[in-house]
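Remarks on the structure that follows.
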């Protein structure tokens, strides 16, 4: 049998050069977001049930990252979130380094939950874990479980929240053998009406402060995994800074619970908050009001983003519409509060950028340094 070596090499090169998009290998928001809106409408019709128990909902939080209800002057917020598939990277990296990385995985699951909860100004009170496995054998890895538990606990302490308990579900024929699905829920308290953060507080000429991320966090992970499959050395491939690709992906997400409370306690009037997760910087326009969000400055993305962009063959628009690109939280506030707010951010150990402003007009995000514009129809959550 004659083997056409040139043809085989060409096919390999085609695979290496093939563009990878998040909608192909991960999450297609064009099919998911309309269902989210349907569920919001159905859920809205149940809000009246709170009145039976002496409570009422803050209807403006429908479609936000967290839901708020109240009784008298007491307001509570709740949220459910999941990690996604970042734990699969940890599993593969363990084969390379012998480390479990599940301290990072536990931490990041908590971070995804808490960073959504605090977008409405809530102070975290309690968090519950949901760990789904295929078989109880998964629980017998003592090192992995110890790291997961400690990572979860330490993240709760960073968020100043109590770990109230949770559910460990054995889901044969649903969860893939040898893997797990990790998620959680949380409840928080909003200590005064002045601390309630909702989008109707946004004003034209508000400044946009962007917080510098610690890396990819837990979003766009399916795409990062697809990139690894293209690389001869996979996750062991080294970036230009000498760090292995897998290690660069397994950084801990910043938890901003204490920071947001410090800002509120310092009488910083936060007009809105956006957790930049799925949809990338499109999330800056999460508010339902019609504003144009002008981003005048951006941070230099961590090297891992450049690596992903190169090997996935993506444009700037696709990258900034999928990943946080080094900026994972947006704080909207008046110009007069910017200096004081940035001082508090620095005191909390984070970096920030006075990145831009909002103005009345078409609902869109304009990232001027990249000449990227995200129109309203690219973020259809509410």
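Quick note: the coordinates plus some simple rules give every number you see, no bench work behind them. Just so we're clear, the structure is a prediction, and the values are computed from it rather than from any experiment. Note that each Cβ is placed from the backbone with ideal geometry, even for glycine, and that neighbours are counted across all protein chains shown.
If I take all pairs of Cα atoms in the range 199-378, what percentage of them are more than 25 Å from each other?
Taking all Cα-Cα pairs of the range 199-378, the fraction more than 25 Å apart is 35 percent.
Using a 10 Å cut-off around each Cβ, can you sort 31, 179 from fewest to most neighbouring Cβ atoms?
If I rank by nearby Cβ atoms, fewest first, I get 31, 179.
Calculate the spin-label point distance for residue 59 paired with residue 347, positioning each point 7 Å from the Cα along the beta-carbon direction, and give it in nanometres.
3.9 nm
Specify the angular offset, from 0 to 90 degrees and rounded to the nearest 10, of the alpha carbon long axis of helix 29-44 from the longest principal axis of the alpha carbons in the chain.
30 degrees
Scaled to the compact-protein estimate 2.2 N^0.38 Å, what is the alpha-carbon radius of gyration of the chain, rounded to two decimal places?
Relative to the 2.2 N^0.38 Å estimate, the chain comes out at 1.02.
Per residue and in Å³, how big is the convex hull formed by the alpha-carbon atoms of the range 18-138?
In the range 18-138, the Cα convex hull volume per residue is 177 Å³.
Under 14 Å from a point 7 Å along the Cα-to-Cβ line of residue 35: which residues of the range 57-78 have their amide N that close?
Of the residues in the range 57-78, none has backbone N under 14 Å from the label point off residue 35.
What angle, in degrees between 0 and 90 and rounded to the nearest 10, separates the Cα long axis of helix 86-97 from the longest principal axis of the Cα atoms of the chain?
Tilt relative to the chain: about 40 degrees.
State the percent of C-alpha pairs, over all pairs in the range 72-200, separated by a distance greater than 19 angstrom.
That fraction is 50 percent.
Report the calculated FRET efficiency for residue 233 and residue 179 (r = Cβ-Cβ distance, R0 = 22 Å), to the nearest 0.05.
Efficiency at R0 = 22 Å is approximately 0.45.
Taking every pair of alpha-carbon atoms in the range 273-339, what share in percent sits in each 5 Å bin, from 0 to the bin with the longest distance?
3, 15, 24, 25, 16, 9, 5, 2, 0
Between residue 340 and residue 153, with labels modelled 7 Å along Cα→Cβ, what's the label distance in nm to one decimal, could you check?
3.9 nm
By counting other Cβ atoms within 10 Å of each Cβ, how are 75, 325, 171 ranked from fewest to most?
Fewest-to-most Cβ neighbours within 10 Å comes out as 171, 75, 325.
By how many nm would the segment from residue 370 to residue 145 grow when fully extended, if each residue of separation counts as 0.36 nm and the alpha-carbon distance is taken off?
76.7 nm
What is the helix-to-structure angle for 303-312, meaning the angle in degrees between its Cα long axis and the longest Cα principal axis of the chain, kept from 0 to 90 and rounded to the nearest 10?
The angle comes out near 60 degrees.
Please compute, for the alpha-carbon atoms of the range 165-232, the extent along each of the three principal axes and give them in descending order in Å.
Principal extents (largest minus smallest coordinate, Cα): 49, 37, 19 Å.
Just to be sure I understand the model, the point goes 7 Å from the Cα along the line to the Cβ. What's the resulting residue 194 to residue 74 distance in nm?
In this crude spin-label approximation the distance works out to 2.2 nm.
Using the number of other C-beta atoms within 10 angstrom as an exposure proxy, rank 279, 53 with the fewest first.
53, 279
What order do you get for 111-122, 91-102 when each peptide is scored by the mean count of other beta carbon atoms within 10 Å, highest first?
111-122, 91-102
Mean separation of Cα pairs under 8 Å and 6+ residues apart, divided by the residue count of the chain: what relative contact order is that in percent?
Rounded, it is 21 percent for the chain.
With a 10 Å cut-off between alpha carbons and a GNM built on the chain, which of 108, 247, 135 moves the most?
135
Rounded to the nearest 0.05, what FRET efficiency do residue 269 and residue 92 give with R0 = 41 Å and r taken as the Cβ-Cβ distance? Could you check?
My answer for the efficiency is 0.35.
Between residue 126 and residue 21, how high is the FRET efficiency from 1/(1 + (r/R0)^6) when r is the Cβ-Cβ distance and R₀ = 35 Å? Nearest 0.05.
Step by step, r from the Cβ atoms, then E = 0.35.
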